[in-house]
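So the structure is just underneath, and the comments pick up after that.
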């Protein structure tokens, strides 16, 4: 996981330099965009491969107001409330006795407040399938995640591409039908998680 975070940091540093080079070229306003996230690099983790997929599609109502539809799919085998920096992350006895598989359509709203600076909120509807250690299904559930971010959008190649480093918090106020064996692990951790964002996209 540390190697993955290093890759993301290097990409972010590169984008700052490229933005400075492109600042004088101007930009062309475009309403639609498609994109994804650098969290896809998490699939390089051999210990806990999240099998992560994310596709973003957005529409600019105005130059400052953006709505988006995102589709996410992943698996996870540890409480999401464990911080990456915690010694409990991926430690023996802290993981679930199995894993959860998520399909999550997500609705989002983004507001640009000053130049590329923005704030956003996303409602992630996670339909979850719980599996035991033998890969047998033990239940279905639903979790509502509310993700809030602040960040900055950097534009490249006359606004054809963009990169959005951000920091945010994910909070899940609603979670249903969680198996008791998973609840026993979850109860030690909060129902929120501070996380960076690394979205990128193509404007058209």
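None of the figures in this text is laboratory data; all of them are computed from the coordinates on show. Since the structure is predicted, the reported quantities are computational estimates derived from the model, not experimental observations. Note that we place each Cβ from the backbone using ideal geometry, even for glycine, and neighbour counts take in every protein chain shown.
Structure above, values below:
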read-out: Theoretical ellipticity at 222 nm over the chain - DSSP helices of four or more residues, -39500 (n - 2.57) apiece, nearest 500; value: -4500 deg cm²/dmol
read-out: Residues 145, 192, sorted so that the one with the fewest Cβ neighbours within 10 Å comes first; value: 192, 145
read-out: Most to least packed among 136-143, 78-85 [average Cβ atoms within 10 Å]; value: 78-85, 136-143
read-out: Within the stretch 134-173: backbone nitrogen closer than 15 Å to the residue 113 label point (7 Å, Cα to C-beta); value: 148-153, 166-169
read-out: Cα-based equivalent ellipsoid of the chain: semi-axis lengths in Å, sorted from largest, via gyration tensor; value: 33, 18, 14
read-out: Residue-span extension gain [residue 91 to residue 43] - 0.36 nm each, minus C-alpha spacing; value: 15.4 nm
read-out: Computed FRET value (nearest 0.05) for residue 138 with residue 160, which takes r as the C-beta separation and R₀ as 30 Å; value: 0.05
read-out: Cα centroid separation, the stretch 152-204 to the stretch 39-55 (Å); value: 14
read-out: Relative packing of 149-156, 63-70, which averages over residues the other C-beta atoms within 10 Å, highest first; value: 149-156, 63-70
read-out: Nearest-ten-degree value, helix 2-22 long axis tilted from longest Cα axis of the chain; value: 10
read-out: Principal axis dimensions, the stretch 115-204 - Cα atoms, whole angstrom, descending; value: 52, 25, 18
read-out: Orientation-averaged projected area, Cα convex hull of the stretch 62-124 (nm²); value: 5.9
